[in-house]
Amino acid sequence: MFILKKFGQLLVTVILVTLFASLLLELLPGDPTEVLIPSGSDQQREELRQELKLDQSFAVRYSTWLGNFATGDMGNYYTVSSDRPVSDRLWQSLPVSLLLMFYAQMLALFFAIPLGVITAYRKGTWLDRTSNTAAFAMLAIPNFALGFLLQYYLGVKLGWFKTSGYASPNESPIEHLQYMILPTITLAVGQIAIYMRLLRSDMIATLQQDFILMAKAKGLKSKRILFRHALRPSSLTLLTVAGLNIGTLIGGALIVEVVFALPGMGLMLFEAIGRRQIVAFQSMVAVIAILYILVNFAVDLLYTVLDPRIRNANKS
Amino acid sequence: MSVQTPISGLPTPSGTPGAPKLLEVRDIVTRFTTDRGSLTAVNGVSLSLERGRTLGVVGESGSGKSVLSRSIMGLLPRSNTERSGQVIFEGKEISGLNDTEYRELWGDEMAMIFQDPMTALNPVMKIGLQITESLRFHLNMSKSDAKDTAVALLKAVKIPEPEKRFSSYPHEMSGGMRQRVVIAVALACGPKLLFADEPTTALDVTVQAQILDLLAEQQRERYMGMILVTHDLGVVAGRADEIAVMYAGQIVEQAPTALLFSEMKMPYTEALMSAIPKLTDASHTRLAAIGGRPPDLVNPPKGCAFSPRCPYVQPRCHEESPTLTPSPTAPEHLFACFYPIGSPETEEVRLRIAAQRLMATAPEFVAAPANTPTPAQQSPVPAPPEQTEGM
Ligand SMILES: Nc1ncnc2c1ncn2[C@@H]1O[C@H](COP(=O)(O)OP(=O)(O)OP(=O)(O)O)[C@@H](O)[C@H]1O
Ligand code: SF4
Ligand SMILES: [Mg+2]
């Protein structure tokens, strides 16, 4: 029953999102084929128009795409020289985006969790105030500016990391990391600040609870009280926001991808819009939407792990 | 968890023969810095307790009972808190300890039972773990030993199916069961001193007696000293050896239980007495039966703190504050009042109130004296406690 409901949700979301996305593309003026094959002959253009069903209504075009997508056919990506299936490109750029998102989230949580816990525990001290100021500074730096700064100092001047391009982890794990470190840091910095503040405020509320005083009265060490007793009940908001972020980062790391020339989903989407690749765009948006929903489904499951009271509520 | 004998071989610092008292508290003052100024929650409390004895601390909501227990245990937050006075536990001054030193005592030598079992247990931890963690920490028990001990404790606090309950979460249990778990947690390491801070206030009346009996039984068996905090004189009546009545952060009357009930001296104690909840009252009733409101602890009234609400108040009460002094007839009976119950002044007031009441109910039988105001003019004398609302 639960699975069925989730599946229905997934279906509705994918349809709504892709419908909206392709409607937006429809609004762009001009003949898409002129952008798709600028140097093609009139006959080639006419063929492409037929293939893309440009002479028919939007509803027909959309439902054709939907039918194809449902059977696993994501359509073609049109270039001057050749038509390659969208899936080819997707399998290249999706892992890049997923890895970047994963690293950035891990890095952000790695710093934000201890910082959030400590600043809540030491509320009002210099440590709290300093990290508060630092958090606002981190949020205030635009992504691209931070990216360029890191590129210049850590990449160009010190030469520690590579500044642009990508290598897959299968080919060369070390190079892969060298390429990924700077974009990861760039993305994570803002997240650290947000996550830390979120956890801090929930944690402060939890630390007022009776059961924390009771844990103290048992003689437990502060570390155990903070991390075993207080962290879990304080982490639901953090989990929700981090979950939403995962979805956003899969297709939304465009600026960082541009700055570091990472061939990820953001860059691909951007390209697809510019080149009027309607079918490719729809397919990619649909894949991202599906991933987004799957992630949030996983977050729902995690809730029940974190808080047993939700487990029981779900059962009944 | 063996029951320890009251006589330990420790030398006493003062050199007096015998073991030192389990607990001696001298002149504790606890102040909080608040937005409105310094709030004096505990104002010069002294008391002492032997092993195997129970001291009842009674007072209205806000009288400082919880802050007193936490001051003694050292559980108050360090920021915004100012504390002075001595706490001597088994002959050793503990009020200056740091948290690391306190942790050796907390849960091991002294433990606390909290008011609300609904919030005192961690909602996301199995109750078994909540019991075993202090066993593992203080007594270095192995995992399986700790589990066996925890199950035995659950059995001792009369939780049915203790093995099964070991892996339950708090929300799967009723309030009464949860309070039993809280008690099991407190008893786990065999403390010598137990603070029970309103252990039954949040519970159904039917469950209250069971929990109090369980506490009394465990206290006897383990030969603990117990400080039983409550706002209900009825709770401590049969269960405490001695009772201290608190008002506005001070002890205003203290006596062995029987003596307190037979010869109460403080008008406030009398008011508390008349406010003992009846079994017929709805459960969870907070004490609201005494007319007037507790004093503002940031700006306490001049003179006796109870004077704005005291039915027997005299001009002197507004000027000077009475100190806790032994009764001339029984030195173990202490009270802080200029005009205790039974003194000529209170008797006069009592008669006057009785006369007014009579006039109000049957004015035709009593000729109104010219100098006393008629009830219709609203008597300046506050109604006696027997008459206050909420009864
Ligand atoms: N951390 C704190 N900061 C400021 N004021 C406090 C703090 N803790 C307690 N107080 C104040 O101290 C006074 C005594 O509170 P306390 O909790 O000891 O009352 P109580 O007798 O236990 O009442 P109850 O029956 O409601 O538990 C109250 O006025 C309360 O507002
Ligand atoms: S000192 Fe005066 S005001 Fe205070 S309790 Fe005694 S009679 Fe009442
Ligand atoms: Mg209290």
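Here are some notes:
- Per the Debye formula on identical point scatterers at the alpha carbon atoms of region A:251-303, with no solvent, log10 I(q)/I(0) at q = 0.14, 0.25, 0.28, 0.32 Å⁻¹ is -0.44, -0.91, -1.00, -1.11.
- Taking all protein chains together, B:333, B:138 sort by accessible area into B:138, B:333, largest first [probe 1.4 Å].
- Taking every residue in A:263-272 and counting other chain Cβ atoms within 10 Å of its Cβ, the average works out to 0.
- Among A:97-106, A:41-50, sorting by the average number of other beta carbon atoms lying within 10 angstrom of each residue, highest first, gives A:97-106, A:41-50.
- Residues of region B:237-261 with amide N under 18 Å of the 7 Å Cα→Cβ point at residue B:345: B:252-253
- Taking every DSSP helix (H) stretch of at least 4 residues in chain A, weighting each as -39,500 (n - 2.57) and dividing the sum by the residue count yields a mean residue ellipticity at 222 nm of -24000 deg cm²/dmol.
- Loop-resident sites, region B:39-112, for trypsin sites (Lys or Arg not before Pro), counting at most 12 other Cβ within 10 Å (DSSP): B:78
- The Cα atoms of region B:166-267 give a gyration tensor whose axes a ≥ b ≥ c have a/c of 1.5 or more with a/b greater than b/c, which makes the shape prolate.
- Taking every residue in B:77-85 and counting other chain Cβ atoms within 10 Å of its Cβ, the average works out to 1.
- Evaluating 6.51 cos²θ - 1.76 cosθ + 1.60 at θ = phi - 60° for every residue in region B:165-175, the Karplus couplings come out as 5, 3, 9, 8, 9, x, 5, 8, 10, 6, x Hz, glycine and proline recorded as x.
- Intensity falloff of region A:89-315 expressed as log10 I(q)/I(0), Debye formula with alpha-carbon point scatterers, at q = 0.11 Å⁻¹: -0.66
- Only protein heavy atoms count here; on that basis, with a 1.4 Å probe, residue B:57 has an accessible area of about 0 Å².
- Karplus-derived 3J(HN,Hα), 6.51/-1.76/1.60, for each residue of region B:88-94, Hz, glycine and proline x: 10, 10, 6, x, 10, 5, 10
- DSSP beta bridges in the protein assembly as shown [antiparallel fraction, %, rounded to 5]: 65
- Set of aspartates and glutamates near residue A:221 by C-alpha distance (under 15 Å), chain-local residues within fewer than 8 positions excluded: B:99, B:101, B:104, B:108, B:133
- Sparsely packed loop sites in region A:165-267 (the GluC sites (Glu not before Pro) outside DSSP H, G, I, E and B with at most 12 other Cβ atoms within 10 Å) comprise A:171.
- Three-way shape call for the protein assembly as shown based on the alpha-carbon gyration tensor, with the a/c threshold at 1.5: prolate
- Within straight-line cross-link reach of residue B:265, lysines at Cα separation under 24 Å, skipping those fewer than 8 residues along the same chain: B:65, B:278, B:302
- Distance between region A:69-126 and region A:184-200 - C-alpha centres, whole angstrom: 15
- Each residue, residue B:327 and residue A:157, gets one label point 7 Å from its Cα in the Cβ direction; the gap between the two is 8.3 nm.
- Across peptide A:219-225, the mean count of Cβ atoms from other chains lying within 10 Å of each residue's own Cβ comes to 5.
- For a straight C-alpha distance cut-off of 25 angstrom, the lysines reachable from residue A:223 (same-chain residues fewer than eight places away being disregarded) are A:123, B:126, B:143, B:147.
- Full extension of the chain between residue A:271 and residue A:71 yields a length gain of 69.5 nm, computed as 0.36 nm times the residue separation minus the alpha carbon distance.
- Helix runs (DSSP H) in chain A reaching 15 Å along axis by Cα, Kyte-Doolittle at least 1.0: A:2-26, A:86-121, A:236-252, A:278-306
- Relative contact order for region A:89-315, counting Cα pairs under 8 Å that sit 6 or more residues apart, in percent: 28
- Put B:192, B:143 in order of accessible area, highest first, and with a 1.4 Å probe you get B:143, B:192.
The values are calculated or read from the model by the stated rules, or taken from the named source; none is laboratory data. No experiment lies behind these values; they were computed from the predicted model shown. Please note: Cβ atoms are built from the backbone with ideal geometry, for glycine as well, and neighbour counts cover all protein chains shown. Surface areas here come from the heavy atoms of the whole protein model, side chains and all, with no ligands, DNA or RNA. Shrake-Rupley method; radii C 1.70, N 1.55, O 1.52, S 1.80 Å.
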